[in-house]
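Let me begin by presenting the structure, written as structure tokens, before commenting on it.
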Amino acid sequence: RAECWSQASPLLDVSIIMSNFIVPELREDILLVANPVKLQAEGIMLMDGTNAGRVVFSLQEVPMRVNFTTPNNNRLQRVSDNRVYIVTPDAEHKFKIEIPRTVNHANKDQFLWAQAQSDLCILSDPKLLAHGMTLREQITGESIRIFNLKELPVGSKYFTENDNFLQRKTQNEVSLGDKTLYIDGNLQKELPTSQWDATCKETTIDPQIAAILFDDTPGKPLDASPDTQELVSNVASLLMGSKDFPRITTIKIRGPNYHGSSLEVDYQYTGGVEGNTSIRWEKTSEDEHSFVPIKRANTRTYIPTINDIGCSIRVVCTPVRADGVTGMIVFSKPTKIKIAPDVKAEVESNLCMSTLMFKVLLRNGKEFQKRSIILNRTKVKVRKRRSTITKMKYSPYLKVLLDADDDASRKKDAHDCLFTLQLSATDTHVFMTPSTYQRDIIVLTIKAFNAGCFVV
């Protein structure tokens, strides 16, 4: 493990590769190995310590923690799932190549374990750590490079290159995720302080707030201080004025305001490293006086359905810093959802006809059977060939509902094509259409006939 170059110099750019600073033999190997297309077409011969050779056509085929020699006599080693190093024989020039990470549900646990083991291997071996490790401060995002665990400030939190959480909790304990490392040897008497402590020494605090926070006059009655709300307001203003306080400066909704079209929230975050910022989509209709959250709509994108036609949509965003500190909630400007133009034209054409027939699938237990929905200006029928299964005249009791199926195991595309026709409390039928476009036309046509007129 002493010969692993797991934390060598930063990745060089193309201009440095092609310059005279890189020897020709190393440049030739880099241009081959770092180009996946070229490597897959030509391959490269690698020799291990036993002079056993193998030809690889992808960096994914290179086993980890094994020293290889390239045809140009350079050394190559894969130190982790996503990192390969190439160095010259004299170790004067080092080059790092990042392998694209592929994570899925099948290999997620194994991938995270390998990333943690890679950092644990480096930090627990002084010879490996002597090459240096780059860390990213959790709040400010600033990078530092350490060569010894004693250089870590006590209390500060960092991310490794593998995005693992690292913190020096005490003088002799360093936590890496859920693992604890102990610093051996004599510790320094004066340990470095975190950047936050150093900044606080030069921070200017309002004299009135300082008098409230640090006044220890004995026997002073409690009611002699300003009102509690004013104190909280002043302290909150001081904290929110910090450049590291999380905040959303701008927020807007992008995309066409038609049902079936994808909407995306676009916001600008400031205040250190962003964590799991909370996003919630809300809507309100003309009959409602306040916005209500939309179920399961908590990602950056949202696709309005026909249930959202005529409603106003907005996004509620709460900024969250990487260490869990939350900022002020912000709201986007509401946008009103309209019916898609092509669906509107189709439904308006249907309303001009006296009788319509739609081919659908009727759910019967776990199976679907072919059926027809017949519409005219007075009633709706469900038919099997030439026999009528059920029928009903248009009335306020007739309802057409979406999201009829709550079975999470059903595929999303099939679930999107379902709707329910409710004629009474005991007469309910679930239908499936070939597409969401066809479903929207059927649902809106039935609603329009039932209402007696089509309102956009």
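The values are calculated or read from the model by the stated rules, or taken from the named source; none is laboratory data. Given the structure is predicted, the values throughout are model-derived calculations rather than measurements. Don't worry about glycine lacking a Cβ; one is built from the backbone with ideal geometry, like all the others, and counts go over all protein chains shown. For the accessible areas, the whole protein counts, side chains as well, though only heavy atoms, and no ligand, DNA or RNA atoms are used. Shrake-Rupley method; radii C 1.70, N 1.55, O 1.52, S 1.80 Å.
List of remarks:
- Structure note, pairs LYS94/LYS243; LYS338/LYS359; LYS283/LYS399; LYS283/LYS379: Cα-Cα distances above 30 angstrom occur for LYS94/LYS243; LYS283/LYS379.
- Across the protein chains, with a 1.4 Å probe defining accessible surface, the residues LYS366, LYS336, LYS381 rank LYS366, LYS336, LYS381 from largest area downward.
- In this view, the solvent-accessible surface of LYS157, computed with a 1.4 Å probe and all protein chains in place, comes to about 70 Å².
- Spacing of the modelled spin labels on ARG145 and ALA41, each 7 Å from Cα toward Cβ, amounts to 3.5 nm.
- FRET efficiency for the GLU98 to SER435 pair, using the beta carbon distance and R₀ = 60 Å, is estimated at 0.90.
- Nearest-10 value in Å² for the accessible area of GLU98, using the 1.4 Å probe: 80
- Residue-span extension gain [ALA425 to THR378] - 0.36 nm each, minus C-alpha spacing: 14.8 nm
- Global form of the stretch 304-378, assessed from the alpha-carbon gyration tensor, a/c cut-off 1.5: oblate
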